[in-house]
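All remarks here apply to the structure that follows.
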Amino acid sequence: MTMTTRVLNTASVSREELLGRASALVPALKERAARAEQLRRIPPETVNDIVATGLLRVGNPDRFGGVGLDFDAILDIAAELGRGCGSTAWCYSVWTVHNWAVGLWPEQGQEEYFAESPDTFSSTSFNPARSKVEATAGGYRLSGRWDFSSGCDEASWAMLAGAGPNGVLWLLVPKGEFTIDDNWFVSGLRGTGSKEIVVDDVFIPAHRTAEHKLMLEGRSGGWEIHHRASYRVPLNSPLGYTLSAPIVGMAQGAVEAFTEQLSDRTLVTGTRMAETVGCQLRLAEASALVDATRLMMQRDGREMLERAERGAAASLLDRARYKRDQAFVARSCVQAIDQLFEASGGNALYESNPLQRFQRDAHAASHHFAVRWDFMAEQYGRIALGLDPGPTARL
């Protein structure tokens, strides 16, 4: 998508300034959350706000309009936006990490991707099961269908995984060479517009492809081009946090909504709900879960980047721990929201109550394979006990 929105200065902007811009958007996101659900996509004014504040550029390599920050800043901003609208936080997180991930492609592919604007939107789908990739002179011919492509309505590129002749490839497909099948009728994250991408026998030049195996090993070439620490990190180590971070924000938003609502509600006995011990205990536990998961996410992000700066490799157990933590963050935040939702009584069922939306959105987000607790917990347990990672390993 080519944007004409005036972008605030990003030349020397700090992490704190960008977080402040994200915080300033939260009231508007709260007001637009119901409309995002009705549209089944992010409202245009929210898309414009994400561009105008410079938030979309956080993931960009510096030479393509980046702001000099790294992967962990995306997570903090996504969590902040999640306080207002879970769907917006989810799309922001994936849009921005796509602009980071394109730095893993050959340099010519990166230049084509950002040719029109540093404010580039792309959607993805990394399940190659229904793809067809055939090698041809200068590249590949690509066909197939890819589901759950969040934010695809705004996308000028689709970043897709295909089953190549020598392993999984990630391929960049420009708008005009893919179509969207609108099948996004769901219970949660309705505003993400995570529809299905369709490609019919399109030529993809080799410079618009990247080997998934090299990404997983942290040696795709991004470090040599951009000298950014995150391009040395094995791809799956940080990637799941782009899905967990919005759930942290949803849980924080639920804590805030619950706190505000309890201040004004009275039971039939005449007792203020704020004075009930049960509500006090649930609020304490839920807020502690949110604080703890945020700290876990931030610790892991710093650790990954600090290790990469030194050029040190993460152990297999460390990589399993990062995946465990991402799933634990998602699971714990869902538990926090559920506790508050259950304590809110019948009023929480109304569509006008943001608690029901946070609850539906968080549950929908936690269904993503990358943050499914059972898979990631088993993987960590096996490695910690000296066994092989198992058939579902995603390290």
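Answer with one residue from G188, P354, M296: the one whose Cα lies farthest towards the positive end of the charge dipole of the chain, charges on Cβ with Lys, Arg +1 and Asp, Glu -1. Looking along the dipole axis, the top candidate is M296.
Only helical runs count toward this figure. For the chain, summing -39,500 (n - 2.57) over DSSP H runs of n ≥ 4 and dividing by all residues gives -16000 deg cm²/dmol at 222 nm. With R₀ fixed at 30 Å, the C-beta to C-beta distance from A129 to L316 puts the FRET efficiency at about 0.70. Expressed as a whole percent, the proportion of Cα-Cα pairs in region 135-291 lying more than 19 Å apart is 70%. How large is Rg over Rh for region 233-384, taking Rg from the Cα atoms and Rh as the Kirkwood inverse mean of 1/r across Cα pairs? Over the Cα atoms of region 233-384, Rg/Rh equals 1.08.
Using a Förster radius of 30 Å, what is the FRET efficiency between D291 and F203 based on their Cβ-Cβ separation? Nearest 0.05, please. Efficiency for this residue pair is about 0.05. Spin-label pair T269-A137: with each label point 7 Å from Cα along the Cα-Cβ axis, the two points sit 8.3 nm from one another.
In whole percents, the pair-distance distribution calculated for region 101-164 from its alpha-carbon pairs, binned every 10 Å from zero, is 20, 46, 33, 1.
The dipole here belongs to the chain: it is taken about the Cα centre, uses +1 on the Cβ of Lys and Arg and -1 on the Cβ of Asp and Glu, and is about 460 debye. Angle between the Cα long axis of helix 277-310 and the longest principal axis of the chain, 0 to 90 degrees, nearest 10? With both axes taken from Cα atoms, the answer is about 20 degrees.
Only the Cβ atoms of Lys and Arg (+1) and of Asp and Glu (-1) were treated as charged; on that basis the dipole of region 233-384 about its Cα centre amounts to roughly 460 debye. Pairing the Cα long axis of helix 15-39 with the longest principal axis of the chain, what angle in degrees results, from 0 to 90 and rounded to the nearest 10? Tilt of helix 15-39: around 80 degrees. Scaling against 2.2 N^0.38 Å puts the C-alpha radius of gyration of region 1-134 at 1.06.
Using C-alpha pairs under 8 Å with a sequence gap of at least 6, the mean separation divided by the residue count of the chain gives a relative contact order of 16 percent. Provide, for the chain, the number of lysine pairs with alpha carbons under 21 Å apart, each pair being eight or more places apart or on different chains. Taking the Cα cut-off of 21 Å, the pair count is 5.
Projecting the Cα atoms of A137, A158, Q335 onto the dipole axis of the chain, where Lys and Arg carry +1 and Asp and Glu carry -1 at the beta carbon, places Q335 farthest toward the positive end. Using alpha carbons only, how many degrees (0 to 90, rounded to 10) separate the axis of helix 71-82 from the longest principal axis of the chain? Taking Cα atoms only, the helix is inclined about 40 degrees. Counting Lys and Arg as +1 and Asp and Glu as -1 over every other residue whose Cβ lies under 14 Å from the Cβ of R299, the net charge comes to -3.
Taking all Cα-Cα distances within region 134-198, those exceeding 16 Å account for 48%.
Looking at region 122-215, the DSSP beta bridges with both ends there are about 90 percent antiparallel. Size descriptors for the chain (Cα atoms only): Rg and Dmax, in that order, 20.9, 78 Å.
Of the residues L316, T266, Q252, the one whose Cα sits farthest toward the positive end of the charge dipole of the chain, with +1 on the Cβ of Lys and Arg and -1 on the Cβ of Asp and Glu, is L316. Each semi-axis of the equivalent ellipsoid for region 296-348 is √(5λ) with λ an eigenvalue of the Cα gyration tensor; in descending order they amount to 35, 11, 5 Å. How many percent of all Cα-Cα pairs in region 170-255 sit more than 23 Å apart? Across region 170-255, Cα pairs with separations above 23 Å total 50 percent.
Where both bridge residues fall in the chain, DSSP classifies roughly 90% of the beta bridges as antiparallel.
Read-outs throughout are calculated quantities, based only on the coordinates presented, and are distinct from any laboratory measurement. Not measured: the values here are computed from a predicted model. Reconstructed Cβ throughout: ideal geometry from the backbone, glycine too, with neighbour counts over all protein chains shown.
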